[in-house]
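Report on the following structure.
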């Protein structure tokens with residue numbers, strides 16, 4: 001089906017809701033280990049929201065969102081295996097993570113949770129939606145897509161070659177300081193605030209470099225586009241303008257992402273101005289408001 005009429009979210013001065021505030025993180029009501037994943041639970045009632053971090057991230061990526069949504073919803077902020085000091089697992093990692101998230105939903109008896117992921121986390125959320133369509137109520141993908149945008153025009157061999165090249169950058173062995181420096185460079189190129197990038201890199205450096213490389217290898221080699229027709233619930237994609245397609249016009253960016261999502265049956269795209277890849281850190285108020293609007297739309301759909 002065609003992509004739904006796309007929106008544009010325009011930011012004003014950023015009011016940080018994430019790690020950038022300097023506020024102390026809220027204490028989780030519970031920490032739940034389920035298979036390979038670790039979930040921090042905040043709040044009760046409302047919809048169940050599962051936040052999935054990006055590469056080398058952790059539950060701490062969602063501190064501001066947990067603070068924002070836990071008063072009206074039940075928030076689960078995940079840490080994936082190999083990230084933020086959490087033990088890694090054997091490859092293929094993403095297959096196991098997808099299965100464990102689906103099992104977590106079933107065992108906790110969550111009521112059609114909304115999956116909200118950034119980058120790698122968005123890719124994982126899309127896979128859960130494709131493979132376990134009846135288990136979820138919707139998906140929000142923050143600058144994360146069914147195929148890695150720079151490799152979207154490549155065949156399977158080309159994607160694998162690109163994945164190998166990028167993954168190799170993360171294979172630094174046990175040298176934590178080298179990995180920390182790498183993450184500082186990586187994050188600084190993908191968010192607006194260099195000081196925040198440094199602080200986040202110090203947290204990201206707690207992740208396993210080998211696991212980080214393996215996630216890159218698995219995600220960048222994949223292409224979920226042919227499977228998107230299996231999605232049964234609404235999908236909101238928040239695309240950062242100053243990210244993969246920086247330099248193109250907004251119309252060109254919109255057309256590109258619409259082409260990646262063309263067969264998804266219930267998808268909307270919103271462009272986030274003044275944001276790089278880490279859109280939830282660059283424009284937290286805008287992203288938070290977009291998620292709120294998405295949730296409100298789901299409520300209207302069932303009235």
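Entry remark, segment 222-242: residues being surrounded by fewer than 20 Cβ atoms within 10 Å (Cβ to Cβ) and within 24 Å of residue 185 (Cβ to Cβ) number 1 in total. The listed residues are 156, 188, and the only one of them that is under 21 Å from the mean Cα position of the chain (by Cα) and modelled with pLDDT of 95 or more turns out to be 188.
Is it true that residue 200 is out of contact with any strand residue (DSSP E or B) (no Cβ under 8 Å at 6 or more places or on another chain) and more than 16 Å from residue 56 (Cα to Cα)? Before the answer, list the steps.
On the way: out of contact with any strand residue (DSSP E or B) (no Cβ under 8 Å at 6 or more places or on another chain): yes; more than 16 Å from residue 56 (Cα to Cα): no.
Judged against the criteria, residue 200 is not a match.
Residues that are under 30 Å from residue 297 (Cα atoms) and part of a loop (DSSP other than H, G, I, E, B) occur in segment 207-229; there is at least one. Residues in segment 261-287 that are buried (at least 21 other Cβ atoms within 10 Å of the Cβ) and in a helix (DSSP H, G or I): 279, 280, 281, 282, 284, 286, 287. Restricting attention to segment 84-107, the residues that are buried (at least 17 other Cβ atoms within 10 Å of the Cβ), in contact with a strand residue (DSSP E or B) (Cβ under 9 Å, 6 or more places away or on another chain) and either at pLDDT below 95 or part of a loop (DSSP other than H, G, I, E, B) (or both) add up to 2. For segment 33-45, filtered to residues that are under 19 Å from residue 111 (Cβ atoms) and surrounded by fewer than 16 Cβ atoms within 10 Å (Cβ to Cβ), the residue that is modelled with the highest pLDDT is 44. Only one of the numbered conditions (1) buried (at least 22 other Cβ atoms within 10 Å of the Cβ); (2) in contact with a helix residue (DSSP H, G or I) (Cβ under 8 Å, 6 or more places away or on another chain); (3) part of a helix (DSSP H, G or I) is violated by residue 115, and that is (3).
Would you point out which residue out of 290, 258 is modelled with pLDDT of 95 or more, within 15 Å of the chain's Cα centre (by Cα), closer than 16 Å to residue 141 by Cα and part of a helix (DSSP H, G or I)?
Step by step, each of 290, 258 is checked, and only 290 is modelled with pLDDT of 95 or more, within 15 Å of the chain's Cα centre (by Cα), closer than 16 Å to residue 141 by Cα and part of a helix (DSSP H, G or I).
The values are calculated or read from the model by the stated rules, or taken from the named source; none is laboratory data. These numbers come from a predicted model, not from an experiment. All Cβ positions, even for glycine, are placed from backbone atoms using ideal geometry, and neighbour counts span all protein chains on display.
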